[in-house]
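**Q** Could you have a look at this structure, given as structure tokens, before my questions?
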Amino acid sequence: MNPIEKIIVEHSFDGLCLIDKNGDCLYMNQNASKICSFPIHEFVGGNVKNALKDGEINDSIALKVLRHKRPVSGVVTIRGVDVLITGSPVFDANKQVEKVVLNIRDINELNNLRIDQILSLALKNKPIHDDFSVEELPEIPGVVAKSKAFRKVLKMVYRIAKVDSSVYLQGESGVGKEVIVNLLHRESTRSGKPLIKVNCSAIPAQLLESELFGYEKGAFTGADQRGKPGLFEQANGGIIFLDEIGDMPLDLQAKILRVLQEYEIMRIGGRKNIQLNVRVVSATNKDLEALVKEGKFRLDLFYRLNIVPIFIPPLRDRPEDTAPLAHYFLQQKNKKYGLKVKFAPGSIQLFNEYDWPGNVREMENMIERLVVTSENNEISWSDLPFIKQSHYSPLQQPLKSILLEIEKKIIYQKLELYKTTRKTAEALGISQSALVKKMKRFQLNE
């Protein structure tokens, strides 16, 4: 190292260390020694593997860099002192890691930084989602599907689009049932015909029958003198989507059953049947089977509707979709309002810490609100309403606790997905024995 290089390295605000490919410690600057409370003469000439074995460090960023051949960040305890370390590989001419440069920051100093900068440093290498080797799907405008669970739903939609069987969509409010209906219509042989959407809970019960089946002139007081075709007639040749069908009155359920059996209707006040060629898609966020047991929904109608059931999982069960959806909505709202709002570093990682009871609709509405109210064209962690409304706050937890919670959640999610410790360890990029140790630490059972 020439004199100028030595001055630069020794006067760096960060601690700097150099490790070779065998784990031998080659160099440590004064700041690194100060931050880690580790004398330089003890560091130089030592080996990180021995330090791990002797318990002087609880983890080795350098060994992870050598194993993965990419930069790695994490919090490491060195002789009882927690420090944030980022390791960067130095490659030789054969693209093999020859040395590792360790950049060390004092967490107490980091506390003076903005919390989102801390999160960015600490979490930038934490995986948020994986790519799944599932059957390829075409690009679907307006649909974000990175998770295996939601891609399975889409594959089912493509499979049944060309037939006319009744489809029953089940899922919590806001999961995206209407998106599925739109896709089903677009990919079906009825795409050139109408798609009529009916929210059964939004129309008063006394009006729902006339809205669905229409009426003849003079059928009742206040009726249009010209009569009116119902929504089933308007959907003829296409698809009618009966949303929130669990709220439909029992007497009207009997008439819907007749439509599905005979494919014909009679307008209120009418004298002749009208033949229909319509596909029925229904949906609810309620448990129809439970309603059947309670006598609030007809069993025979449930069987007619439930020919092809599709369950759309809630957003909390498909975390791989969370970050892509958030970015999609951000771009969409920026375009709508002509803005350039962005997520501050670290804020997007916190989206997976929330259960999203309102699912995709809640996320879209929240991001629109944050975009239009943003003062600095940046959405920070402190802007997120679910952070403000809960006890969870990064400011109230040490950085190591935040990392441990995120690590625990990631391991749990991957175990749910891959089932075995071997496959999970491969997906996480760690050894199986290291994963088992972490599972014991977090009290996770395989």
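The values are calculated or read from the model by the stated rules, or taken from the named source; none is laboratory data. All figures in this text were calculated on a predicted structure; none of them were measured in a lab. Cβ: placed from backbone, ideal geometry, glycine included. Neighbour counts: every protein chain shown. These accessible areas exclude ligands, DNA and RNA; they are computed on the full protein's heavy atoms, side chains included. Shrake-Rupley method; radii C 1.70, N 1.55, O 1.52, S 1.80 Å.
**Q** Put +1 on the Cβ of every Lys and Arg and -1 on every Asp and Glu Cβ in the chain; which of Asn359, Gln96, Phe241 then has its Cα farthest towards the positive end of the dipole?
**A** Phe241
**Q** If the cut-off is a Cα-Cα distance under 18 Å, which aspartates and glutamates reach Lys438, setting aside same-chain residues fewer than 8 apart in sequence?
**A** Once the sequence-local aspartates and glutamates are set aside, what remains near Lys438 is Asp59, Glu405, Glu407, Glu416, Glu426, Glu446.
**Q** Right, next: With every protein chain left in place, what is the accessible area of Glu172 in Å² (1.4 Å probe, nearest 10)?
**A** Probe radius 1.4 Å; accessible area of Glu172 about 60 Å².
**Q** Before I look further, what does the chain give for accessible area per residue, probe 1.4 Å, in whole square angstrom?
**A** Working: 23400 Å² over 446 residues.
Counting only protein heavy atoms, the per-residue value for the chain is 52 Å².
**Q** Taking the alpha-carbon distance from Lys336 and a cut-off under 28 Å, which lysines remain once sequence neighbours fewer than 8 residues away in the same chain are dropped?
**A** In chain and number order, the partners are Lys146, Lys177, Lys197, Lys388.
**Q** For Phe297, what residues show an amide H to amide H distance below 5 Å, using hydrogens built from the backbone and excluding near sequence neighbours?
**A** Placed amide hydrogens put Val292 under 5 Å from Phe297.
**Q** If amide H atoms are built 1.01 Å from N in the plane of the peptide, which residues on other chains or at least 5 residues away come under 5 Å of the amide H of Asn47?
**A** For Asn47, the qualifying residues are Cys25.
**Q** Further question on the same structure: If packing is taken as the average number of other Cβ atoms within 10 Å across a peptide's residues, how do 174-183, 324-333 rank, most packed first? List each step's numbers first, then the result.
**A** Values: 174-183: 21.0, 324-333: 17.6.
Going from most to least packed, we get 174-183, 324-333.
**Q** Please work out the Cα center distance from segment 1-67 to segment 248-318, rounded to the nearest Å.
**A** Answer, in whole Å: 69.
**Q** With runs of 4+ DSSP H residues as the only contributors, calculate the mean residue ellipticity of the chain at 222 nm using -39,500 (n - 2.57) per run, divided by the residue total and rounded to the nearest 500.
**A** Details: 20 runs with 183 residues, N = 446.
When only DSSP H runs of four or more count, the value is -11500 deg cm²/dmol.
**Q** Under 19 Å between alpha carbons, and skipping anything fewer than 8 positions from Lys69 in its own chain: which lysines qualify?
**A** Once the sequence-local lysines are set aside, what remains near Lys69 is Lys21, Lys49, Lys95, Lys99, Lys124, Lys126.
**Q** How big is the charge dipole of segment 287-365 about its Cα centre, in debye rounded to the nearest 20, if each Lys and Arg gets +1 on its Cβ and each Asp and Glu gets -1 on its Cβ? Could you put the intermediate results ahead of the total?
**A** Values: 12 positive and 11 negative charges, 104 e Å.
Dipole of segment 287-365, to the nearest 20 debye: 500 debye.
**Q** Kindly identify the chain as rounded, prolate or oblate by the Cα gyration tensor criterion: order the square roots of the eigenvalues as a ≥ b ≥ c, call it rounded if a/c is under 1.5, otherwise compare a/b with b/c, prolate if a/b is larger, else oblate. Could you put the intermediate results ahead of the total?
**A** Values: a/c = 3.23, a/b = 2.73, b/c = 1.18.
Taking the square roots of the gyration eigenvalues as a ≥ b ≥ c, the chain is prolate.
**Q** Label points 7 Å out from Cα along the Cβ direction at Lys408 and Val44: separation in nm?
**A** Each label point is offset 7 Å from its Cα along the Cβ direction, giving 4.2 nm.
**Q** Below 11 angstrom from the Cβ of Lys177, what's the summed charge of the other residues (Lys, Arg +1; Asp, Glu -1)?
**A** Details: positive: Lys197, Arg361; negative: Glu172, Glu178, Asp243, Glu244.
Every neighbour counted, the sum reads -2.
**Q** Using a 1.4 angstrom probe and counting only protein chains, how large is the accessible area of Phe91 in Å², to 10?
**A** About 100 Å², ignoring ligands and nucleic acids.
**Q** Pairing the Cα long axis of helix 148-160 with the longest principal axis of the chain, what angle in degrees results, from 0 to 90 and rounded to the nearest 10?
**A** Once rounded, one gets 30 degrees.
**Q** Let me ask something else about it. What shape does segment 205-278 have by the C-alpha gyration tensor, where a ≥ b ≥ c are the square roots of the eigenvalues, rounded means a/c under 1.5, and otherwise prolate means a/b greater than b/c and oblate the rest?
**A** Details: a/c = 1.69, a/b = 1.26, b/c = 1.35.
Here segment 205-278 falls in the oblate category.
**Q** Taking every DSSP beta bridge that has both residues in the chain, what percent is antiparallel when rounded to the nearest 5?
**A** On the way: 31 of 51 bridges.
Around 60 percent of the beta bridges assigned by DSSP in the chain are antiparallel ones.
**Q** I'd like the carbon and sulfur percentage of the solvent accessible area for the chain, probe radius 1.4 Å, heavy atoms only, ligands and nucleic acids excluded. Before the final figure, lay out each step's value.
**A** Details: 11450 of 23400 Å².
In the chain, the share of accessible area belonging to carbon and sulfur is 49 percent.
**Q** Identify, among Tyr337, Ala326, Leu350, the residue whose Cα sits farthest towards the positive end of the charge dipole of segment 312-388, taking +1 on the Cβ of Lys and Arg and -1 on the Cβ of Asp and Glu, with the dipole about the Cα centre.
**A** Tyr337
**Q** So what is the relative contact order for the chain, in percent, with contacts set as C-alpha pairs under 8 Å and at least six apart? Present the calculation step by step, with values, prior to reporting the outcome.
**A** On the way: 698 pairs, mean separation 57.8, N = 446.
Contact order relative to length: 13 percent.
**Q** Right, next: Roughly how tilted is helix 177-187, in degrees to the nearest 10 and between 0 and 90, from the longest Cα axis of the chain?
**A** 70 degrees
**Q** Under unit Cβ charges (Lys, Arg +1; Asp, Glu -1), what dipole magnitude, rounded to 20 debye, does the chain have relative to its Cα centre?
**A** 880 debye
**Q** Further, regarding this structure: Is the shape of segment 1-48 best called rounded, prolate or oblate, per the rule: a/c under 1.5 gives rounded, else a/b larger than b/c gives prolate, else oblate, with a ≥ b ≥ c the square roots of the Cα gyration tensor eigenvalues?
**A** On the way: a/c = 2.21, a/b = 1.32, b/c = 1.67.
Taking the square roots of the gyration eigenvalues as a ≥ b ≥ c, segment 1-48 is oblate.
**Q** Follow-up. Report Glu262's accessible area, 1.4 Å probe, all protein chains in place, as a number in Å² to the nearest 10.
**A** Taking all protein chains as shown, Glu262 has close to 100 Å².
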